[in-house]
Amino acid sequence: LSVKKKDLLYSAFVGFLNPFLYYVILLKAYSLLPAQLAQPLNYLWPVMLILLSVPFLGQKLTLKSIVSVTLGFIGVYFISTRGKLFDYKIEEPIGVLMAAGSSVIWALFWIMNQKDKRNEQKKLFWAFVFGSFYIMIFLIFFSEFKLPEFKGILSFFYVGLFEMGITFFLWLKALHLTDRNDRISNLVFLSPFLALIFIHLILGEPIFYTTITGLILIVSGIFIQQYKQKP
């Protein structure tokens, strides 16, 4: 695994963004907010990916992209009201800020990887090496290290393989195969519907009507962005 010094420094920064900083902030947000609120707020990241691609990658916003982004933000507002559409009081503002802020970190992580011309395996390997180092330092100074129970070990392998392994590689490959991030980033808005089903069935959370309305707005933005007129 020969690597240049500048590539190591680049990976050190990227690894700090994710998996370290992103998951520290996101998991804290999940501890402060209901799952059906924290999860959709985290899904702001495709919107942030479109917006951050303008200054960092020199991509331009089309009218469809602007409409899609606008609908995404409106949808997230609906979701964050927790069934009280005209009540502007935000419960747990720190949690809301963390959940929304994690989307910025996530989008920036993928943009930084897209600018890196190394192959996907090397980029992810070194990012996770440095990320693991940061996490160990964080545990030493701010937490208590103890071995998890058997269920925790199974969850550890599941998250490592599926959420932070195979899916990372596939998404990074998708970014390299497209010439515009806004053409693929909106597709991930489809998964919150499945997530809501799991949240309701597994966690037993009642799903607010504003959550459904917000997701409909978000998915409407997807179709607007993806729709192409036939010649």
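The values are calculated or read from the model by the stated rules, or taken from the named source; none is laboratory data. This is a predicted model, so every value here is computed, not measured. Cβ coordinates were reconstructed from backbone atoms using ideal geometry, including for glycine residues, and neighbour counts include every protein chain displayed. Keep in mind that these areas ignore ligands, DNA and RNA; they rest on the heavy atoms of the full protein, side chains included. Shrake-Rupley method; radii C 1.70, N 1.55, O 1.52, S 1.80 Å.
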Quiz item: So which residue, out of Val54, Val76, Val24, gets the largest mean-square fluctuation from a GNM of the chain using Cα contacts under 10 Å as springs?
Solution: Val54
Practice problem: Take the solvent-accessible surface of the protein heavy atoms, probe 1.4 Å, and return the percent of it on region 1-120 that carbon and sulfur atoms account for. | Solution: 70 percent
Quiz item: Can you give me the Cα centroid spacing of region 6-61 and region 149-167 in angstrom?
Solution: 20 Å
Self-check item: Amide H within-cut-off set for Leu85, under 5 Å, with H built and near neighbours excluded
Solution: none
Quiz item: For region 1-93, which chymotrypsin sites (Phe, Trp or Tyr not before Pro) are both in a DSSP coil and crowded by at most 14 other Cβ atoms within 10 Å?
Solution: Phe86, Tyr88
Practice problem: Consider all pairwise Cα distances in the chain and report the whole-number % of them above 32 Å. | Solution: 23 percent
Quiz item: Build a GNM of the chain with springs between Cα atoms under 10 Å: which of Leu26, Leu97, Leu63 gets the top mean-square fluctuation?
Solution: Leu63
Quiz item: What list of ³J(HN,Hα) couplings, whole Hz, do you get for region 139-147 from phi and the Karplus terms 6.51, -1.76, 1.60, once you set θ to phi - 60° and write x for glycine and proline?
Solution: 5, 5, 9, 10, 8, 10, 8, 8, 5
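Give, in nm to one decimal, the length gained when the segment between Phe73 and Phe56 is fully stretched (0.36 nm per residue of separation minus the Cα-Cα distance). Intermediate values should be presented prior to the final figure.
Details: separation 17, 0.36 × 17 = 6.12 nm, distance 2.11 nm.
Extending this stretch completely gives an extra 4.0 nm.
Quick one: if the Förster radius is 30 Å, what FRET efficiency do Trp171 and Phe86 give, using the C-beta to C-beta distance and rounding to 0.05? Each step should come with its number before you reach the end.
Details: r = 37 Å, r/R0 = 1.23.
The calculated FRET efficiency here is 0.20.
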Exercise. Please identify, among Gln59, Gln121, Gln39, the residue showing maximal mean-square fluctuation in a Gaussian network model of the chain using a 10 angstrom Cα cutoff.
Key: Gln121
